[in-house]
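Asker: One structure coming up, written as structure tokens, with questions to follow.
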Amino acid sequence: MSQTEAYHVEDEVQQRAYDAQLMRRLLAYVRPYRTFMVAAVLLLFVSALFSSVVPLLNWRAISLYINNPARIEMEHRVQSGDSAAAPALRDQAATDKRGLYKVVVLIAVLMVAEAVIRFAQMLIVAWLGQKAMLKMRVEIFSHLQKMSLRFLDRNPVGRLVTRVTNDVEKLQETIISGIVQVINDLSIVFVILGFMLYNNWRLALIMLSPIPFVFVTGVVFRKYARDSYLEIRRRIARLNSCMQENVSGMRIVSIFNREALRFEQYRRFNADHRDEWFSQVRYYAIYFPIVDFLGTLSVALIILYGGHQILRGQVLFGAAADIGMFFAYVQWSERLYGPIRTLADRYNLLLEAMASSERVFELLDTPEDIPNRPGAPAVSNLRGEVQFNDIWFAYEPGQWVLKGIQLDIRPGERVAIVGHTGAGKTSLVNILSRFYDVQRGSVCVDGIDVRDYEKTSLRRNIGVVLQDVFLFSGSIEQNIRLSNPDLPSDKIRACAEYVNAGKFIERLPSAYAYNVGERGANLSTGQRQLLAFARVLAHNPRILVLDEATSSIDPESEALIQDAIAKLMQDRTSIVIAHRLSTVQHADRIVVMHHGEIREIGTHQQLLARRGLYYTLYRLQYKDQDISRP
Amino acid sequence: MYRPEHKAIPGRPFLTILRYNRPYLKSYLIGGILSVFFVVIGLGLPFIVRGVVRSFTEGQVTMRLLWLYFAALIAIAVTTGFARYWERMLIIRASRKCEYDLRNDYFRHIQTLSQDFFHRTQTGDLMARATNDLNYVRMFIGPGIMGTIDMIQLPLTLAILAWFSSRLLLYTLIPLPFVSIIVYFIIMYMHRQSQRVQAQYADLTAQVQENLAGARVVQAYGIGERETESFTAESESYMRENVKLAAVMSLAWPLIGLIVGLMIVLVLWLGGFMVINGVLALDDFTGFVVAMLLLLWPLVEFGWILTLYQRGIVGMARMNDIFREKPSVRDDEDTQQAFTVTRGGIRFDTVSFSYDSRAVLQDLDFTILPGQTVAIVGPTGSGKTTVVSLIMREYDVNAGTVFIDDLDVRRIPLRALRQAVGYVPQDTFLFSESIRENITFGKPDATDEQIRYACEVAQLTETIDALPGGIDTLLGERGVNLSGGQKQRLAIARAVIADPKILILDDAMSSVDTQTEEKILERLRLVMEQRTSIIISHRISTVRNADLILVVDDGRIVERGSHESLLALRGLYADLHERQLLEEELEHL
Ligand SMILES: Nc1ncnc2c1ncn2[C@@H]1O[C@H](COP(=O)(O)OP(=O)(O)O)[C@@H](O)[C@H]1O
Ligand SMILES: Nc1ncnc2c1ncn2[C@@H]1O[C@H](COP(=O)(O)OP(=O)(O)O)[C@@H](O)[C@H]1O
Ligand SMILES: [Mg+2]
Ligand SMILES: [Mg+2]
């Protein structure tokens, strides 16, 4: 089962937590909002400054007022019976209170200011992240619209959906706020370091001595966490695509009684995913306590060395060191360890975001392998001449599916293609619409190579009814209209009537507004084909291609459709692929394909007369009737 | 008996989460005890600080005493470290186990649901719930629960604060009622907004999913740009909802931080006054402030946990929407568990059926004897596929009864019923696995001999041999790297290999060329001789040899009989035949 994804290209990325180039590209999305970004960073810095000043103010409040040595001195005197000192003490207490009050108000003001700033900053960052990622999301989506079928075949839908939704979501949540957070953390760390060193550098240095160990721990942790994290990503992707496929194919699963087995497979993937998380959890469980321990060690060092300084009567700023200093340093150390502690989480988020962004950029960098030639003209007024000039085409290198196809179709001609399944009929259509490019030879429309047209306009002029009908969930009208606002509703109705779909549509609960469900699940297969027909007619193409478009439709409806095509498609080129000879025999020319080559070309009568491949097909199909004929 | 394959309690997301956590109660309890343990030990810090301050104010500090305090702190740190390690291991691991259970249940539950559910639910939506929403639930369970357990320190810290100075504590608690009110409103808003955001995300996912699944149509009609436009609009509204949510969160965090900060300021102010007035000892004051600081982080964390709760509850509620669904088709107490289909006789007794309000089949009556081959023909949308869906009991009839081997299908265990049926659907679905795995889908233990035989019947041997990987060639999603006819033939092999009692071919060769079809039919005839078979087709050549031909029009059987008798009837079937003949004769002119 491990190879279940092997048809699809590998989903691997190289992992670097930080990659300057990626980062620059990411930042490009924020560029239009850089004033806001700068504002956010400045606000952050201010708030970091404010919050780091608070311990200092606390220190002052304690040392100067609450624990004012002069007042305490007086207190001792009063206590030891010196009543003369009492009034002075009262005065001093009042002064201290006033001083304390001022400091407290200052702190409160700072805090309110900090909160307001933080609110503003967070709001800016959130808004900015959303804006920037909206742009990226739309960019990916629109890039996907340009990707070739070759690419889309090789990448499971679920994975590409993840790019547009989940990966961008990850970036949105982490990148902008992540960058800002890192700046925030760094500014806090530096501001605090500054304060600590400035006020008492000896104490600061001693207190900071565990920091190198913190870094070593971080490095070791990262190494393990990263590998495990990458493995988790792989496993979750597998888990999700397993579920996705099972949901899509649930009908088959239940009809074939394969629920238990399928569940077993899913359960195994799920268990793998969980187990990998277990090891990830262990790394975290070890990392956090170690950092916490080092944090407490710093506090212990403050008490030890700070106490030593106080004992020695160390003088700082003209006053003896006292317990106010303890206070400030313990607070600072807490604030310092906060960011360090969350660094591990930040790192993982960053890793995740980087992985997401790498995948996203890889997708955005995947060149259109069916590009428009620069300056390629849009198609206008096609006559509808089609030439296949010695076409060689393969899906997989070396496995030729079309081998030297040579075919000229005159404007307005009706050509039918018949042949065994796998002969390459659909492939021929695919290269005409330029879903794939040929390896050798050329396809020309009106004498110009299809590679020299602007491809969207080319495709709009070639109406294809695909072999596998696809309907979008939405109303019948939407499915015919296909977001073309210029199509009047009457035209849509008329086309539906033409192909004999009107009858059944009118009887649906809400007629043209009826929701057909995902892939048209609420309709019968034949009805879906009818809608696909109505759709192509409504878009009025110059060249009409029908790839077994009536295979699931009853002969009577088919006859009606044939009439409709005859009326609607007069003077237009049409290519019809079908197995029912009743469908093809009205064609001007019939092409018989076999193993990627054209075996016979001619009118129905000519081909019958040749007694070749076509003749055998024909005999087979009608032999029953032949027998029954009187 | 229907028993739901999950433990969810729809409408009660919170209870559901609790229920999923129940098996791991022990982990949470031990984790909780550990948490209490290290919280208690950790609370030694304020006492140590108080001790230090007291020694200083009393002037009895010595270096030896300082070393003692130092050692005490280290001891505390080491013990809490171990406790924290185990707390994390227990709780977060338990949360991953919960996630595992929840995922399994979600998957298994979806498997039990019937076709009608899948017809009204988009794959993208189901996936969004299984990824995005489930992740929020997990965050609730892991970090959320651990955060909650850590909240045990709140009362303990409060107790210590009271012990230091109950009066000061009282002062500090004054702002608390206001805080609760503010927090309440924030939560309410966050909840509503989370719901919107998560629903919008699912819509977005579904849209991308469909666009990519339908890439061939999108490209063929060159509507990529317009698709991008509508996607942009959808993304923009997603962004707007998200920004609103972000705004509340940006408000909530600093606000909670501010409130906590102001509480400390209050302590500093009032406590400072008390010290200056001599009613509070400096050491108690310092201890108080340090304990207060310890309180700070949990309080701020509390805001974060609230966010986790909100999103988790919303996520669970959204998953519960799916858990609430019950299979419309299921075994119940009337099911005869021991029953197996042995002969394969089928009888429809005045069966009527409708998908929505619209009648699709009306009063169908027919009998297929074991071993017979029956053909169903009729115009597009007349109800042919629906008839066979009812045989497989993908839906339950509205009126009448479908019997298989003379037992109401509703009383046949679904497993036994589906085991008896081999089905080739009208549109082929293949899995992105190897061709071999796809063929043996209904019979994973098939021998190579059986595989070869099935390939032979479906005329696949040659095709497979031509592939570079042979039978182990891997397929893309839905089998994109095969041609339409190859896919259909694979589906035929898949149905044949299981050797079913009843074989159903629903327009199974529409993409197969006549010559190959002829060869397949030739071999299928041997297969069909040994079992009951139902063939739906538009080609007279395919159906003319059937024992019985049912002509369906507009949900009713309008004609029935053998090829000859139907021709004699000169009705719809004769028309169909005539048309095919006429076309041929025209060409002979
Ligand atoms: N997307 C694809 N990738 C690889 N091989 C393909 C792809 N599509 C078709 N083929 C192979 O190319 C051959 C021709 O297929 P196709 O043109 O679809 O035949 P048909 O004549 O039945 O329409 C088949 O053998 C098929 O397996
Ligand atoms: N899942 C569904 N939900 C609603 N209506 C459906 C569904 N499937 C089929 N129908 C409707 O039931 C009718 C019969 O469909 P079906 O049995 O598939 O026809 P067919 O004879 O072509 O096989 C059609 O009108 C179709 O629109
Ligand atoms: Mg084809
Ligand atoms: Mg059908």
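Asker: When you go through B:Tyr184, B:Tyr201 one by one, which is the residue that is more than 14 Å from chain A (Cβ to nearest Cβ) and among the aromatic types (Phe, Trp, Tyr)?
Answerer: B:Tyr184
Asker: Please go through (1) in the same structural domain as A:Leu26 (by TED's automatic domain parsing); (2) within 30 Å of A:Arg234 (Cα to Cα); (3) not aromatic (Phe, Trp, Tyr) for A:Gly338 and return the number of the only condition it doesn't satisfy.
Answerer: (2)
Asker: Related question: Given the structure, is A:Arg346 closer than 24 Å to B:Val289 by Cβ and modelled with pLDDT under 85?
Answerer: Spelling it out, it is not the case that A:Arg346 is closer than 24 Å to B:Val289 by Cβ and modelled with pLDDT under 85.
Asker: Quick test of your reading of the structure: A:Val109 fulfils all but one of (1) surrounded by fewer than 16 Cβ atoms within 10 Å (Cβ to Cβ); (2) at pLDDT below 85. Name the failing condition by number.
Answerer: (2)
Asker: Further question on the same structure: What residue, among those in the stretch A:555-583 that are within 11 Å of another protein chain (Cβ to nearest Cβ), more than 16 Å from ligand 2 (Cβ to nearest atom) and not in a loop (DSSP other than H, G, I, E, B), is surrounded by the most Cβ atoms within 10 Å (Cβ to Cβ)?
Answerer: Among those residues, the one meeting the criterion is A:Ile577.
Asker: Scan the helices (runs of 4 or more DSSP H) fully inside the stretch B:77-157 and keep the ones with 1 or more residues being among the basic types (Lys, Arg).
Answerer: B:115-120, B:134-139
Asker: So which of A:Val418, A:Val443 ends up being part of a strand (DSSP E or B), away from chain B (no Cβ under 14 Å) and of a type in the set (A, V, I, L, M, F, W, C)?
Answerer: Among A:Val418, A:Val443, only A:Val443 is part of a strand (DSSP E or B), away from chain B (no Cβ under 14 Å) and of a type in the set (A, V, I, L, M, F, W, C).
Asker: Also: It is to be established whether one or more residues within the stretch B:407-423 are buried (at least 21 other Cβ atoms within 10 Å of the Cβ), within 20 Å of A:Phe256 (Cβ to Cβ) and within 16 Å of ligand 4 (Cβ to nearest atom).
Answerer: Yes, that holds for at least one residue.
Asker: Related question: Just to check your reading of the model, which residue among B:Ala446, B:Ala466 is surrounded by fewer than 23 Cβ atoms within 10 Å (Cβ to Cβ) and closer than 30 Å to B:Leu369 by Cβ?
Answerer: Going through B:Ala446, B:Ala466 in turn, the sole match is B:Ala446.
Asker: A follow-up question, please. Go through the stretch B:284-338 and give me each residue that's under 30 Å from B:Ala252 (Cα atoms) and β-branched (Val, Ile, Thr).
Answerer: Scanning the stretch B:284-338 gives B:Thr286, B:Val289, B:Val290, B:Val300, B:Ile305, B:Thr307, B:Ile313, B:Val314.
Asker: Would you mind stating whether B:Glu456 is within 26 Å of A:Gln467 (Cα to Cα), touching a Pro at 6+ places or on another chain (Cβ under 6 Å) and in contact (Cβ under 8 Å) with a residue 40 or more places away in the chain?
Answerer: In short, no.
Asker: Moving to a separate point now. Scan the stretch A:28-65 for residues that are within 11 Å of chain B (Cβ to nearest Cβ) and of a type in the set (Ser, Thr, Tyr) and report the count.
Answerer: The number of residues fulfilling the criteria is 3.
Asker: Further, regarding this structure: Among (1) outside any helix (DSSP H, G or I); (2) touching a residue at least 12 places away in the same chain (Cβ under 8 Å); (3) at the interface with chain A (Cβ under 10 Å from one of its Cβ atoms); (4) under 26 Å from A:Val429 (Cα atoms), where does B:Asn481 come up short?
Answerer: (2) is the only condition that B:Asn481 fails.
Asker: Being within 16 Å of ligand 3 (Cβ to nearest atom), crowded, with 17+ Cβ neighbours inside 10 Å and at negative phi narrows it down to one residue among A:Val536, A:Val591; which is it?
Answerer: One residue alone meets the criteria, A:Val591.
Asker: Scan the stretch B:307-323 for residues that are in contact with a Pro (Cβ under 8 Å, 6 or more places away or on another chain) and within 26 Å of B:Leu417 (Cβ to Cβ) and jot them down.
Answerer: B:Phe323 - this is the single residue of the stretch B:307-323 that is in contact with a Pro (Cβ under 8 Å, 6 or more places away or on another chain) and within 26 Å of B:Leu417 (Cβ to Cβ).
Asker: When you check B:Val53 against the structure, is it facing another protein chain (nearest Cβ under 10 Å) and not in a helix (DSSP H, G or I), yes or no?
Answerer: Answer is no for this residue.
Asker: Please determine, by comparing only the residues of the stretch B:170-195 that are crowded, with 20+ Cβ neighbours inside 10 Å and of a type outside the set (S, T, N, Q), which one is farthest from B:Phe288 (Cα to Cα). Steps first, please.
Answerer: Narrowing the stretch B:170-195 to residues crowded, with 20+ Cβ neighbours inside 10 Å: B:172, B:186, B:190, B:193-194.
The next check asks that each one be of a type outside the set (S, T, N, Q); those that pass are B:186, B:190.
Numbers: B:Ile186: 30, B:Met190: 34 Å.
Taking the candidates together, the pick is B:Met190.
Asker: Examine the stretch B:418-427 for a residue that is out of contact with any Ser or Thr (no Cβ under 8 Å at 6 or more places or on another chain) and more than 8 Å from chain A (Cβ to nearest Cβ), and state whether such a residue exists. Walk me through it before giving the result.
Answerer: From the stretch B:418-427, those out of contact with any Ser or Thr (no Cβ under 8 Å at 6 or more places or on another chain) are B:421-425; that's our starting set.
This time we only want the ones that are more than 8 Å from chain A (Cβ to nearest Cβ), so: B:422, B:424.
Yes, because at least one residue in the stretch B:418-427 is out of contact with any Ser or Thr (no Cβ under 8 Å at 6 or more places or on another chain) and more than 8 Å from chain A (Cβ to nearest Cβ).
Asker: Oh, and also: Kindly list, by first and then second residue, each pair from a residue in the stretch B:242-267 that is more than 7 Å from every other protein chain (Cβ to nearest Cβ) to a residue that is part of a helix (DSSP H, G or I) and modelled with pLDDT of 85 or more, limited to pairs with Cβ atoms under 6 Å and residues at least 6 apart or on different chains.
Answerer: Between residues of the stretch B:242-267 that are more than 7 Å from every other protein chain (Cβ to nearest Cβ) and residues that are part of a helix (DSSP H, G or I) and modelled with pLDDT of 85 or more, the close pairs are B:Lys244/B:Gln193; B:Leu245/B:Gln193; B:Leu245/B:Val197; B:Val248/B:Tyr189.
Asker: Would it be correct to say that A:Ser552 is under 24 Å from B:Val552 (Cα atoms) and part of a loop (DSSP other than H, G, I, E, B)?
Answerer: yes
Asker: Being within 16 Å of ligand 1 (Cβ to nearest atom), more than 8 Å from every other protein chain (Cβ to nearest Cβ) and over 18 Å from A:Ala423 (Cβ atoms) is true for just one of B:Ala495, B:Ala546, B:Ala508. Which residue is that?
Answerer: On inspection, the qualifying residue turns out to be B:Ala508.
Asker: Out of all the residues in the stretch A:612-630, is one or more within 8 Å of chain B (Cβ to nearest Cβ), modelled with pLDDT of 80 or more and assigned to a loop (DSSP other than H, G, I, E, B)?
Answerer: Within the stretch A:612-630, none of the residues are within 8 Å of chain B (Cβ to nearest Cβ), modelled with pLDDT of 80 or more and assigned to a loop (DSSP other than H, G, I, E, B).
Asker: Can you find, within the stretch A:1-27, the residue that is modelled with the highest pLDDT among those that are more than 14 Å from chain B (Cβ to nearest Cβ) and within 29 Å of B:Leu475 (Cα to Cα)?
Answerer: A:Glu12
Asker: Same structure, new question: Say whether the condition of being at pLDDT 85 or above, closer than 29 Å to A:Val386 by Cα, surrounded by 20 or more Cβ atoms within 10 Å (Cβ to Cβ) and more than 16 Å from ligand 4 (Cβ to nearest atom) is met by at least one residue in the stretch A:508-530.
Answerer: Looking through the stretch A:508-530, none of the residues is at pLDDT 85 or above, closer than 29 Å to A:Val386 by Cα, surrounded by 20 or more Cβ atoms within 10 Å (Cβ to Cβ) and more than 16 Å from ligand 4 (Cβ to nearest atom).
Asker: Which is under 22 Å from B:Tyr221 (Cα atoms), more than 33 Å from the chain's Cα centre (by Cα) and away from ligand 3 (no atom under 16 Å from the Cβ), of A:Arg383, A:Arg410?
Answerer: Exactly one residue qualifies, and that residue is A:Arg383.
Conditions (1) in contact (Cβ under 8 Å) with a residue 40 or more places away in the chain; (2) closer than 21 Å to B:Asp507 by Cβ; (3) within 16 Å of ligand 2 (Cβ to nearest atom), marked per residue:
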residue	(1), (2), (3)
A:Leu466	yes, yes, no
A:Val469	yes, yes, yes
A:Pro488	no, no, no
A:Ile492	yes, no, no
A:Ala501	no, yes, yes
A:Arg507	no, no, yes
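Asker: Name the residues in the stretch A:223-260 that are under 18 Å from the mean Cα position of the chain (by Cα) and of a type in the set (Ser, Thr, Tyr), would you?
Answerer: Across the stretch A:223-260, the qualifying residue is only A:Ser241.
Asker: Are any residues in the stretch A:401-413 out of contact with any helix residue (DSSP H, G or I) (no Cβ under 9 Å at 6 or more places or on another chain) and crowded, with 19+ Cβ neighbours inside 10 Å, and if so, which ones?
Answerer: Of everything in the stretch A:401-413, just one residue is out of contact with any helix residue (DSSP H, G or I) (no Cβ under 9 Å at 6 or more places or on another chain) and crowded, with 19+ Cβ neighbours inside 10 Å, namely A:Ile409.
Asker: Another one. Please state which one of A:Gly313, A:Gly249 is small (Gly, Ala, Ser), at the interface with chain B (Cβ under 7 Å from one of its Cβ atoms) and surrounded by fewer than 22 Cβ atoms within 10 Å (Cβ to Cβ). Break it down stepwise before answering.
Answerer: Details: A:Gly313 fails: at the interface with chain B (Cβ under 7 Å from one of its Cβ atoms).
Of A:Gly313, A:Gly249, the one residue that is small (Gly, Ala, Ser), at the interface with chain B (Cβ under 7 Å from one of its Cβ atoms) and surrounded by fewer than 22 Cβ atoms within 10 Å (Cβ to Cβ) is A:Gly249.
Asker: Take A:Leu523 and tell me if it is of a type in the set (A, V, I, L, M) and within 37 Å of the chain's Cα centre (by Cα).
Answerer: So A:Leu523 passes the test.
The values are calculated or read from the model by the stated rules, or taken from the named source; none is laboratory data. Every value quoted in this text rests on a predicted model; they were computed, and no experiment measured them. All Cβ positions, even for glycine, are placed from backbone atoms using ideal geometry, and neighbour counts span all protein chains on display.
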